[in-house]
């Protein structure tokens with residue numbers, strides 16, 4: 001049976017549904033092929049922190065894409081703020097929960113299955129006004145993929161991270177092409193929400 005957690009966000013109470021035991025979702029074949037783990041199945045503090053940042057922005061009519069959306073809390077926050085949202089993830093199960101959570105909370109969003117190593121379908125929909133991502137740097141291999149993916153998607157990024165080991169390498173790589181500002185978040189005492197704006201020229 002799924003678990004429902006409630007979340008206070010921008011004067012609203014959101015009900016977010018997720019599986020009770022993410023480890024039970026591990027697919028040995030998928031792990032062997034892609035080293036894929038069901039990170040999406042938990043309500044991470046980074047997603048909450050990013051959602052809180054999004055509800056504070058003027059997003060009405062802006063095109064927002066979330067990378068690694070998981071349960072889609074940031075996507076829902078953006079949609080409720082008037083954004084036109086595309087929620088993406090590698091996992092079809094994650095996208096199913098994203099759609100379910102959006103419907104339950106009165107949000108509208110589109111979903112798209114995306115592998116960062118093969119993002120052509122996503123890039124074809126660019127540019128977006130804002131790229132959002134929460135806790136997507138689980139492993140070192142994610143760094144180069146994300147650095148390559150961001151430029152064709154848009155010129156402004158909000159990235160929430162709890163301070164995972166790969167974060168430093170990502171920020172170092174991004175600093176060559178992006179202006180980076182860090183905002184603290186109470187949910188992320190060892191990390192934060194990072195605003196990246198691509199340099200012109």
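Numbers for the structure displayed
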| read-out | value |
| --- | --- |
| Principal axes of the chain: Cα extent on each, largest first, Å | 51, 43, 36 |
| Residues 195, 141 arranged by fewest to most Cβ contacts within 10 Å | 141, 195 |
| Ranked list, fewest to most other Cβ atoms within 10 Å of each Cβ, for 114, 123, 55 | 123, 55, 114 |
| Among 182, 156, 66: highest mean-square fluctuation, GNM of the chain, C-alpha pairs under 10 Å | 182 |
| Cα gyration tensor category, rounded, prolate or oblate, for segment 106-173 with a/c compared to 1.5 | prolate |
| Most mobile of 138, 39, 97 in a GNM of the chain (Cα contacts under 10 Å) | 138 |
| Fully extended contour minus Cα-Cα distance, from residue 113 to residue 197, at 0.36 nm per residue | 27.7 nm |
| Residues 89, 2 arranged by fewest to most Cβ contacts within 10 Å | 2, 89 |
| The chain - percent relative contact order, Cα under 8 Å, separation 6 or more | 17 |
| Max mean-square fluctuation residue, GNM over the chain, Cα-Cα springs under 10 Å, options 56, 174, 87 | 56 |
| Gain on full stretching of the segment that runs from residue 123 to residue 138 - 0.36 nm per residue minus C-alpha separation | 3.1 nm |
| Full-extension gain in nm, residue 180 to residue 12, via 0.36 nm per residue minus C-alpha separation | 57.5 nm |
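The numbers here are math on the coordinates, done by the rules we state, and not lab data. In this text, all values refer to a predicted model and were calculated from it rather than measured experimentally. Cβ: placed from backbone, ideal geometry, glycine included. Neighbour counts: every protein chain shown.
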